[in-house]
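Participant: Here you go, one structure.
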Amino acid sequence: MSKKVLILMGSDSDFSVMSEAGKTLEEFNVEYEITVSSAHRSPERTKELVSKAKDEGVKVIIASAGLAAHLAGVVAAHFHLPVIGVPIQSGPLSGLDALLSTMQMPPGVPVATVAINGAKNAAVLAVQILATSDGALENSLIEYKKKLADAVEEKARNLGK
């Protein structure tokens, strides 16, 4: 099986957050690769990784970065399939700068943006995108959402409500 999701981190310090995306993809048996590449410090590496991603079977890229957070935008400029941005909580603005710069993309170069440190939701969104052409994955998502609802029902029962 070729990898379906590429996770790019602007720094290895993002790994504690972004490993949650990997764990979530593993729950759905979705193959992925995770690596570090910076839009600013290694622009050629970033461009090379993104340029060969499609040929390697990548269908969605998840890109995380803090502070100026241009990684997802640079990736979206070079990749014609879906890009999901994960702003990382860091710096004096605690990730608000990353959130705004990730979501404020120019027309024609969209980046789907999740919450600050929202790696798990980025992975679930990637699975939802992949499930549009994969019935087994769609069924796994239905079961996943049912488990979420069941967990809420259990918590309500535990409270006696």
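Participant: Within segment 127-145, work out how many residues are out of contact with any helix residue (DSSP H, G or I) (no Cβ under 7 Å at 6 or more places or on another chain) and outside any loop (DSSP other than H, G, I, E, B).
Facilitator: Our first condition is that a residue be out of contact with any helix residue (DSSP H, G or I) (no Cβ under 7 Å at 6 or more places or on another chain); within segment 127-145, this holds for 129, 132-136, 139-140, 142-145.
Checking the rest, the ones that are also outside any loop (DSSP other than H, G, I, E, B) come to 129, 135-136, 139-140, 142-145.
Counting residues in segment 127-145 that are out of contact with any helix residue (DSSP H, G or I) (no Cβ under 7 Å at 6 or more places or on another chain) and outside any loop (DSSP other than H, G, I, E, B) gives 9.
Participant: Identify the residue in segment 102-123 that is assigned to a helix (DSSP H, G or I) and surrounded by fewer than 22 Cβ atoms within 10 Å (Cβ to Cβ) and, among all such residues, is farthest from the chain's Cα centre (by Cα).
Facilitator: Residues of segment 102-123 that are assigned to a helix (DSSP H, G or I), as a first pass: 102-103, 119-123.
Restricting the remaining residues to those that are surrounded by fewer than 22 Cβ atoms within 10 Å (Cβ to Cβ) gives 103, 120-121.
Details: MET103: 13, LYS120: 8, ASN121: 7 Å.
This residue is MET103.
Participant: If I ask for residues that are in contact (Cβ under 8 Å) with a residue 60 or more places away in the chain and surrounded by fewer than 24 Cβ atoms within 10 Å (Cβ to Cβ), which ones from segment 55-73 would you list? Outline the logic, then answer.
Facilitator: Residues of segment 55-73 in contact (Cβ under 8 Å) with a residue 60 or more places away in the chain: 59-60, 62, 71.
Matches in segment 55-73: LYS59 only.
Participant: Moving on to the next point. Pairs only if they're at least six apart or on different chains, beta carbon under 6 angstrom, first in segment 25-49 and under 21 Å from ALA68 (Cβ atoms) and in contact (Cβ under 8 Å) with a residue 12 or more places away in the chain, second small (Gly, Ala, Ser) and not in a helix (DSSP H, G or I); list them, first residue then second.
Facilitator: SER38/GLY10; THR46/SER37; THR46/ALA39; LEU49/SER37
Participant: Still on this model: Might you check whether a residue that is of a type in the set (S, T, N, Q) and under 20 Å from LYS23 (Cα atoms) occurs anywhere in segment 133-141? Give the steps one after another, and end with the answer.
Facilitator: Taking segment 133-141 and keeping what is of a type in the set (S, T, N, Q), we get 133, 139-140.
With the extra rule that they be under 20 Å from LYS23 (Cα atoms), the set shrinks to 139-140.
The answer is yes, given that some residue of segment 133-141 is of a type in the set (S, T, N, Q) and under 20 Å from LYS23 (Cα atoms).
Participant: Of all residues in segment 1-16, which are within 22 Å of GLY91 (Cα to Cα) and surrounded by fewer than 21 Cβ atoms within 10 Å (Cβ to Cβ)?
Facilitator: SER11, ASP12, SER13, PHE15, SER16
Participant: Across segment 111-124, which residue is nearest to SER13 (Cα to Cα) among those that are in contact (Cβ under 8 Å) with a residue 60 or more places away in the chain and among the aliphatic types (A, V, I, L, M)? First the steps, then the outcome.
Facilitator: Step one: list which residues in segment 111-124 are in contact (Cβ under 8 Å) with a residue 60 or more places away in the chain, which gives 117, 119-120, 122-124.
Narrowing the set further to residues that are among the aliphatic types (A, V, I, L, M) leaves 119, 122-124.
Details: ALA119: 14, ALA122: 18, ALA123: 19, VAL124: 22 Å.
My answer is ALA119.
Participant: Right, another one. What do you reckon, is LEU148 outside any helix (DSSP H, G or I) and over 16 Å from THR35 (Cα atoms)? So that I can check it myself, show each step before the final result.
Facilitator: Working: outside any helix (DSSP H, G or I): no; over 16 Å from THR35 (Cα atoms): yes.
In short, no.
Participant: Filter segment 85-101 down to residues that are assigned to a loop (DSSP other than H, G, I, E, B), out of contact with any Gly (no Cβ under 6 Å at 6 or more places or on another chain) and crowded, with 18+ Cβ neighbours inside 10 Å, then give me how many there are.
Facilitator: Here the count works out to 1.
Participant: Let me ask something additional. Are any residues in segment 20-41 hydroxyl-bearing (Ser, Thr, Tyr) and surrounded by fewer than 19 Cβ atoms within 10 Å (Cβ to Cβ), and if so, which ones?
Facilitator: Residues satisfying the conditions are THR35, SER38.
Coordinate-derived values only; no laboratory data. What you see is a predicted model; the values in this text were computed from it and never measured. Positions of Cβ are backbone-derived with ideal geometry, glycine not excepted, and every protein chain shown enters the neighbour counts.
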